[in-house]
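Worksheet: the structure to be examined is printed underneath.
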Amino acid sequence: MNPNKKESSLFQLFVIFLKVGSTSFGGFMALVSVVQDEMVKNRKIISEEVILDGISLASIMPGPLAVNVVTYIGYYLKGMKGALVSMLAVILPSFILVLVLSSLYFKYGDLPLTTKFFEGVMPGVVAVIIAVAIKMAQKSIKDSKQIILCLLSGVLLFWIGGFIMTIGIIVFGGLAGWFFYFTKEVQIPEDITVVEKKEGKSAVWFLGALALIVLVIITIPYFSWLDLPTEILTLRKLVLIFGGMSFSLFGGGYVFIPAIQQVVVDQLQWLSVKEFTDGIAMGQITPGPILISAAFIGYKIANIFGALVATIAIFLPSGLLMILGSFFLDYLKSSALFKAVFKGVRPAVIGMIFCAAVNIGLSLNFEWQTAFLLLLILVLNIRFKINATILIPLSGVLGVLLF
């Protein structure tokens, strides 16, 4: 058995990611930070390297980054079933919450009062991301070359930014790892369990089935003899719009937002600009992935069924691609070459995590309360090892009291 991986049941995975999905505010890196705190530091189920590898793969795949990383971890631990269970669990809390808030919003016309709570949450999120980056750096960065890679990637992403730079950093880190650490004579000890071939076959079958379903959905209007109701055709349109984005957009939730706005506001006029803005805000002030805003949009168009269809369409297709990518990644990493490559990629990813903390930090409205909360959560996490799933909600509650 891999010494960096402990056996875990599907039920345990579901409970862990249900907890993560209920407490991780602030988007991609915040959710990943809570996963690291829960599964590496607290439960010791996986190592930091597994999370870093998941971030590396998710960064070059389409779809929502945070959910894709969770999918990778679930696949790493329990194969296809683990990936699907983990994906469901991390989305479920925010989906239910957004469903309730959407119902209240469209009934009463405004969002619940959450500003102070969110103002308190964000300094806590920044503190948790910093703490995670520090702990990852302590375990994964071993020499001066990796330190330079970490600093360089963080600076480049901060000053230039964008998806192209993210890909460039990962490629550059991999090339540097190959140049500095690969030797044919010395084989690097294996630390990754290779997933069985049957899991790869399952991933291919799932993708084939998904492709068939997509084909049927696309061709539905041509079966005029079916005389389908308008509601079914509306759900079909939701599948095509959000499923297409899941397959084709790279760079995470903030890349999706303008693309979604262009379609549902500007072209189809399903939502007003204010409704769309409030829907995105709802995705940010609720725990879990930011793109759960798709449920808000789907609810406006077709009530509960619309919310469910939009949510599945935005997360499932890219999740299945992530499973397929995870299968090939695990096989590639059994070679000394790719182990060397990832010795360069991992510090580069850690630099990107530090950059995420800086970017979120700069967006805060800095007052004494903000600085106090940031330092308090940082100390409680690093010094007293209190779990992030407790600290982030605590930060929100303190925000209500202090702001």
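Is the stretch 194-203 home to any residue that is at pLDDT 55 or above and either under 30 Å from TRP270 (Cβ atoms) or among the basic types (Lys, Arg) (or both)? Within the stretch 194-203, one or more residues are at pLDDT 55 or above and either under 30 Å from TRP270 (Cβ atoms) or among the basic types (Lys, Arg) (or both). Here VAL349, VAL358, VAL345 are screened, and the one residue that is at negative phi, surrounded by fewer than 24 Cβ atoms within 10 Å (Cβ to Cβ) and assigned to a helix (DSSP H, G or I) is VAL358.
In this structure, does GLY319 turn out to be surrounded by 24 or more Cβ atoms within 10 Å (Cβ to Cβ), of a type in the set (Gly, Ala, Ser), more than 24 Å from PHE118 (Cα to Cα) and in contact with a Cys (Cβ under 9 Å, 6 or more places away or on another chain)?
no
If you go through the stretch 135-164 and pick out every residue that is out of contact with any Asp or Glu (no Cβ under 6 Å at 6 or more places or on another chain) and surrounded by fewer than 17 Cβ atoms within 10 Å (Cβ to Cβ), you end up with 14.
Which residue, of GLY306, GLY243, GLY288, is of a type outside the set (Val, Ile, Thr), out of contact with any Phe, Trp or Tyr (no Cβ under 7 Å at 6 or more places or on another chain) and either more than 30 Å from GLY396 (Cα to Cα) or without any contact (Cβ under 8 Å) to a residue 40 or more places away in the chain (or both)?
On the way: GLY306 fails: out of contact with any Phe, Trp or Tyr (no Cβ under 7 Å at 6 or more places or on another chain); GLY288 fails: either more than 30 Å from GLY396 (Cα to Cα) or without any contact (Cβ under 8 Å) to a residue 40 or more places away in the chain (or both).
Just a single option satisfies the conditions, and that option is GLY243.
Applying the set (1) surrounded by 14 or more Cβ atoms within 10 Å (Cβ to Cβ); (2) of a type in the set (Ser, Thr, Tyr); (3) at pLDDT below 85 to SER86 leaves exactly one unmet item: (3). With respect to VAL40, is the statement that it is in contact with a helix residue (DSSP H, G or I) (Cβ under 9 Å, 6 or more places away or on another chain), surrounded by fewer than 23 Cβ atoms within 10 Å (Cβ to Cβ) and either modelled with pLDDT of 90 or more or among the β-branched types (Val, Ile, Thr) (or both) true? For VAL40, the condition - in contact with a helix residue (DSSP H, G or I) (Cβ under 9 Å, 6 or more places away or on another chain), surrounded by fewer than 23 Cβ atoms within 10 Å (Cβ to Cβ) and either modelled with pLDDT of 90 or more or among the β-branched types (Val, Ile, Thr) (or both) - is met. Entry remark, the stretch 54-83: residues being touching a Ser or Thr at 6+ places or on another chain (Cβ under 6 Å) and either more than 20 Å from VAL171 (Cβ to Cβ) or surrounded by fewer than 24 Cβ atoms within 10 Å (Cβ to Cβ) (or both) number 8 in total.
Within the stretch 361-388, count every residue that is outside any helix (DSSP H, G or I) and within 24 Å of LEU157 (Cβ to Cβ).
Our first condition is that a residue be outside any helix (DSSP H, G or I); within the stretch 361-388, this holds for 363-367, 383-387.
Cutting the leftovers down to within 24 Å of LEU157 (Cβ to Cβ) gives us 363-366.
Residues meeting the conditions: 4.
Consider the stretch 122-134 and keep the residues that are under 18 Å from the mean Cα position of the chain (by Cα) and either β-branched (Val, Ile, Thr) or surrounded by fewer than 24 Cβ atoms within 10 Å (Cβ to Cβ) (or both). The one that is nearest to GLY361 (Cα to Cα) is VAL126. Checking each residue in the stretch 1-33 for being at pLDDT 90 or above and β-branched (Val, Ile, Thr) picks out VAL15, ILE16, VAL20.
For the stretch 97-121, the tally of residues that are of a type in the set (Gly, Ala, Ser), surrounded by fewer than 16 Cβ atoms within 10 Å (Cβ to Cβ) and either at pLDDT 85 or above or in contact with a strand residue (DSSP E or B) (Cβ under 8 Å, 6 or more places away or on another chain) (or both) stands at 1.
The values are calculated or read from the model by the stated rules, or taken from the named source; none is laboratory data. Owing to the predicted nature of the structure, the values given are computational and were not obtained by experimental measurement. We place every Cβ from the backbone using ideal geometry, glycine too, and count neighbours over all the protein chains shown.
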